[in-house]
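What follows is one structure encoded as structure tokens, with my remarks underneath.
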Amino acid sequence: MYLGWSEGFHDAAASVINKNGDIVFASHSERFSGNKHEKYISSELKDYIDSNFNIKTTALFEKPFLKKTRQLYAGQFNTVFSKRQLAWSPDKTFHHHKSHAAATFQTSDYNEAAAVVVDSIGEWDTTTIWKCSYDDNGYAQYKKVYTKSYPNSIGLWYTALTHFVGLRPLDEEYIFMGMAAFGKYKKDLLPKLFSLFSHNLHKGIPKSMVDAMGLDRYKPADIAFNAQIILENKLEGLFNKALEISDNVVYGGGVALNCVANSKLHEQCKGNLWIFPNPGDAGGSLGAAALAYGKKVNWEHPYLGFNIEPSKPIKALAKEIVIHIKKYGMCGVAVGPAEFGPRALGNRSLLADPRGAKAQDQVNTIKRRQKFRPFAPAVLEEDVNLHFKPGYISPYMQMVVDCTDPNLPAITHKDGTSRIQTVSKNEPTIFRAILEEWKKRTGCSVLLNTSLNIRGEPMVNNISDADRFEEKYGVKVFY
């Protein structure tokens, strides 16, 4: 078996692929350690993998020595001279951005494509475009055709602005994105934000620069709105370059989590776009394993983590869950293998009735979130056009679309959009059965879906975590 892993910065993870190209396991380290954004492979995850899989080849998602040269340049001396050992001794190491490219290309349906990778930083690369294909023997081939290097970084720029408005960097960029819907275009602000690209923002925006530009005079929402304009403009230019290489585009790196931009990129690519559902550094672990394996990987779904066997037959459990939601408004679900990625997709979810404004306040109270933030809807794929702008299938919450149903305020953002999850008839989880039962009993095809986690902690992983969530918040969790 082939083990790929990522660690050392944030969101460490490990993935295992067997000799047939099947992904047999993939999980974030945080799910096992309980420490959100765990940067190293925890002993619990390492022990789980070592005990359950016969690993023949180990692969690290980046080049450690090359990374240290950049860290020396950046003055990160404590990191450079850290004596912490890697979780495993790597048989192979791959460039950070190549691991991202492999995660999205080798899981795609395309035989050839242009891979766009945009994140904060790899070893030195911050933005790359790759020409991807398979040779006559089925082995993946990568040619880097475009690159931007540190400190010129779209990801660092967006993270610095996230931090500037008072949010946690490398964590709450998605909140910064959502905040944009409440902002306004500011003609004088746009060039100021754009000019920041010429500076090294690795440690944030210096106060001297804030004072010189008068950035603290602007509302956070206005900064977010104008930053989103610039981000989308930058990405449009990159994707134009990619489309010169291939009509098929695959996309990875942490910036690929910006679902507002993704919607426009999907249209730019005329639908020929695959975004790996775990595009950040955690997903790079699967990219490393895929590169070690060498060929197309059998991607079926993101339910690849720790498994919780259902306590009763799926249909009976789904019926019980729906009856509970109808009576109490919400419940937790922890059934089956955990999702590999930052978003709950039904196996580790807090579900609620999306009809009426009460649900948003109820769930926000549990989650202790900012009141302005909406929640995402999950909808039966065949009914998506009944509630949302027609033509969009998005099984992994990667895009926003216009909500056309006025009866769903809890899942509709200020700008009238929703980050949808479409659930197909082939969904290999309990979630499809829950939605079908929900529609049968209410006539509604939509449920509010958010992650099942205690504030400041990762998503629920095992039964013990589920019981602790139920005890802390008084919300029933079914498993």
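What residue, of V322, V260, is of a type outside the set (S, T, Y), closer than 25 Å to V363 by Cα, in a helix (DSSP H, G or I) and within 20 Å of the chain's Cα centre (by Cα)?
Working: V322 fails: within 20 Å of the chain's Cα centre (by Cα).
V260 is the lone residue from the list that is of a type outside the set (S, T, Y), closer than 25 Å to V363 by Cα, in a helix (DSSP H, G or I) and within 20 Å of the chain's Cα centre (by Cα).
Taken over the range 74-98, the criterion of being part of a loop (DSSP other than H, G, I, E, B) and under 24 Å from K56 (Cα atoms) is satisfied by R84, Q85, L86, A87, W88, S89, P90, D91, F94, H95. Remark: pairs (first residue in the range 213-232, under 17 Å from S263 (Cα atoms); second residue of a type in the set (S, T, Y) and surrounded by 19 or more Cβ atoms within 10 Å (Cβ to Cβ); Cβ separation under 7 Å; 6+ apart in sequence or on different chains) = A227/Y158; L231/Y158.
In this structure, is V145 in a strand (DSSP E or B), of a type outside the set (D, E) and under 19 Å from A13 (Cα atoms)? Spell out how you get there, then give the answer.
Values: in a strand (DSSP E or B): yes; of a type outside the set (D, E): yes; under 19 Å from A13 (Cα atoms): no.
In short, no.
The residue of the range 371-383 that is surrounded by the fewest Cβ atoms within 10 Å (Cβ to Cβ), among those that are over 26 Å from G252 (Cα atoms) and touching a Ser or Thr at 6+ places or on another chain (Cβ under 6 Å), is D383.
For the range 259-302, the candidate set comprises residues that are of a type in the set (S, T, Y) and more than 20 Å from S29 (Cα to Cα); within that set, the residue that is surrounded by the fewest Cβ atoms within 10 Å (Cβ to Cβ) is S263. The combined condition, being touching a strand residue (DSSP E or B) at 6+ places or on another chain (Cβ under 9 Å) and surrounded by fewer than 24 Cβ atoms within 10 Å (Cβ to Cβ), is not fulfilled by K83. For the range 1-58, name all the residues that are in a strand (DSSP E or B), among the polar types (S, T, N, Q) and buried (at least 23 other Cβ atoms within 10 Å of the Cβ). Matches in the range 1-58: S6, S15, S27.
Taking the range 397-410 as the range and being touching a strand residue (DSSP E or B) at 6+ places or on another chain (Cβ under 7 Å) and farther than 20 Å from E232 by Cα as the test, the residues that pass are C403, T404, L408, A410. Scanning the range 390-408 for residues that are of a type outside the set (S, T, N, Q) and buried (at least 17 other Cβ atoms within 10 Å of the Cβ) returns Y392, P395, Y396, M397, M399, V400, V401, C403, D405, L408. Could we say that S349 is among the hydroxyl-bearing types (S, T, Y) and within 21 Å of K440 (Cα to Cα) here? Taking the combined requirement at face value, the residue satisfies it. Among residues of the range 126-137 that are without any contact (Cβ under 8 Å) to a residue 12 or more places away in the chain, those with a Cβ under 8 angstrom from a residue that is exposed (fewer than 15 other Cβ atoms within 10 Å of the Cβ) and not β-branched (V, I, T), sequence gap 6+ or separate chain, pair up as D135/Q141.
Go through the residues of the range 339-355 one by one and say whether even a single one is out of contact with any Pro (no Cβ under 6 Å at 6 or more places or on another chain) and assigned to a helix (DSSP H, G or I). Checked the range 339-355: no residue is out of contact with any Pro (no Cβ under 6 Å at 6 or more places or on another chain) and assigned to a helix (DSSP H, G or I). Within the span defined as the range 43-51, every residue fails to be under 17 Å from A288 (Cα atoms) and touching a Phe, Trp or Tyr at 6+ places or on another chain (Cβ under 6 Å).
Condition first: more than 30 Å from Y110 (Cα to Cα) and either touching a Leu at 6+ places or on another chain (Cβ under 8 Å) or among the hydrophobic types (A, V, I, L, M, F, W, C) (or both). Can you find one or more residues in the range 289-301 that meet it? Before you say what the answer is, go through the steps one by one.
Filtering the range 289-301 for residues more than 30 Å from Y110 (Cα to Cα) gives none.
No, the range 289-301 contains no residue that is more than 30 Å from Y110 (Cα to Cα) and either touching a Leu at 6+ places or on another chain (Cβ under 8 Å) or among the hydrophobic types (A, V, I, L, M, F, W, C) (or both).
Please pick out the residue among V446, V475 that is in contact with a His (Cβ under 7 Å, 6 or more places away or on another chain) and buried (at least 18 other Cβ atoms within 10 Å of the Cβ). Before you say what the answer is, go through the steps one by one.
Values: V475 fails: in contact with a His (Cβ under 7 Å, 6 or more places away or on another chain).
Selected residue: V446, the only one of V446, V475 that is in contact with a His (Cβ under 7 Å, 6 or more places away or on another chain) and buried (at least 18 other Cβ atoms within 10 Å of the Cβ).
Filter the range 226-258 for residues that are buried (at least 24 other Cβ atoms within 10 Å of the Cβ) and among the β-branched types (V, I, T); which is nearest to T159 (Cα to Cα)? Applying the filter and picking the extreme gives V255.
For the range 387-406, the count of residues that are at pLDDT below 95, farther than 30 Å from F225 by Cβ and of a type in the set (D, E, K, R) is zero. Taking L161 as the residue in question, decide whether it is in contact (Cβ under 8 Å) with a residue 60 or more places away in the chain, surrounded by fewer than 21 Cβ atoms within 10 Å (Cβ to Cβ) and not β-branched (V, I, T). The answer is no for L161.
The values are calculated or read from the model by the stated rules, or taken from the named source; none is laboratory data. No experiment lies behind these values; they were computed from the predicted model shown. Here Cβ is always computed from backbone atoms with ideal geometry, including for glycine, and neighbour counts include all displayed protein chains.
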